[in-house]
Amino acid sequence: MAESPFGPPELWRHDDLVAVSREFDVGLVLQAYRSGLFPMPARGSLMGWWSPLDRAVLPLDGLRVSRSLRKMAHRYEVRVDTDFEGVLAGCGDPRRPDGWIDDAVRRVYRQLHAAGTVHSVEAWTPDGQLAGGLYGVSIGGLFAGESMFHRPDIGRDASKVALVGLVDLLREAGGDTRLLDVQWATPHLQSLGVVEVPRPHYLRLLAAALPLDPPAWTPGPRVPSTS
């Protein structure tokens, strides 16, 4: 295996931000995910490479689906990769607080989507409106969720419904070591079953997940499981 350009994890800073660089391209991004990092702009024109000391993951058998979310899921159609640009635009809406999806991020993740590595999961209303969704990176048995959004003017809980659809898809792919990484925990995500694990534990989970085959990312509608 090629040596990571980020060096061995035991030499990383004891901080969520491990490194910064002016370089930001598809090859470096893929190396980062395989090494346990993800990109997010740091300051100015520098790209930050992050590996949180406490990493948020969603165990596939730990998803919590409330009664209200179970009912809400039936109001949407979950689709895969039918409007990546719409999801990217929703996640990168400049009106969102603490937005970080800039032109450079859009360019690289479009390239990764075209290469079949980045995928979107979408929640659509019966009248054909994109109400919410998420996108992330799929490498082996890792799915690294990058961002999610919802349009409350169109419908409630659409991003949560998309997440239910994603978990359903990952479960179908099989493999006890499959990993759903969501970067940092928030109360919203923790209510759905997200937990935090220390960085060394995350890196062990990642090493076990990467050898698996990726899911079948078949574009089109899905029926989310709410069991």
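Coordinate-derived values only; no laboratory data. This one's a predicted model, so the numbers in the text were calculated from it and none came from an experiment. Here Cβ is always computed from backbone atoms with ideal geometry, including for glycine, and neighbour counts include all displayed protein chains.
When DSSP assigns beta bridges and you keep just the ones with both residues in the range 86-214, what percent turn out antiparallel, to the nearest 5? Roughly 85 percent of the DSSP beta bridges within the range 86-214 come out antiparallel. The label point for Val26 and the one for Gln111, both projected 7 Å from the Cα toward the Cβ, are 0.7 nm apart.
Does the range 176-227 classify as rounded, prolate or oblate by the C-alpha gyration tensor (a ≥ b ≥ c root eigenvalues; a/c under 1.5 gives rounded; else a/b over b/c gives prolate, otherwise oblate)? Judged from the Cα gyration tensor, the range 176-227 comes out oblate (a/c at least 1.5, b/c at or above a/b).
Using helices alone, I'd like the mean residue ellipticity at 222 nm for the chain: each DSSP H run of four-plus residues gives -39500 (n - 2.57), total over residue count, nearest 500.
Numbers: 7 runs with 68 residues, N = 227.
It lands at -8500 deg cm²/dmol.
Per-residue Karplus couplings for the range 158-165, computed as 6.51 cos²θ - 1.76 cosθ + 1.60 with θ equal to phi - 60°, are listed in order as 5, 5, 5, 5, 4, 5, 4, x Hz, Gly and Pro entered as x.
Note on the chain: GNM, Cα springs under 10 Å; of Leu11, Leu169, Leu205, the largest mean-square fluctuation is that of Leu11.
From most to least packed by mean Cβ count within 10 Å, the peptides 54-62, 116-124 give 116-124, 54-62. DSSP finds beta bridges in the chain, and of those with both partners inside it, around 90 percent are antiparallel.
A simple count of charges around Asp213, restricted to other residues whose Cβ falls under 14 Å of its Cβ and scoring Lys, Arg +1 and Asp, Glu -1, yields -1.
Report, in degrees rounded to the nearest 10, the 0 to 90 angle that the Cα long axis of helix 103-114 makes with the longest principal axis of the chain. Computed tilt is about 70 degrees. Between Asp102, Asp93, Asp153, the residue with the greatest mean-square fluctuation in the GNM of the chain (Cα pairs under 10 Å linked by springs) is Asp153. Close amide H partners of Val18, meaning residues 5 or more places away or on another chain with modelled amide H under 5 Å apart, are Trp49, Trp50, Ser51. Scalar couplings 3J(HN,Hα) for the range 61-66, obtained by applying the Karplus form with A = 6.51, B = -1.76, C = 1.60 to θ = phi - 60°, are 8, x, 5, 9, 10, 6 Hz; x denotes Gly and Pro. Model label points for Arg96 and Trp217, set 7 angstrom from Cα along the Cα-to-Cβ axis, are 1.8 nm apart.
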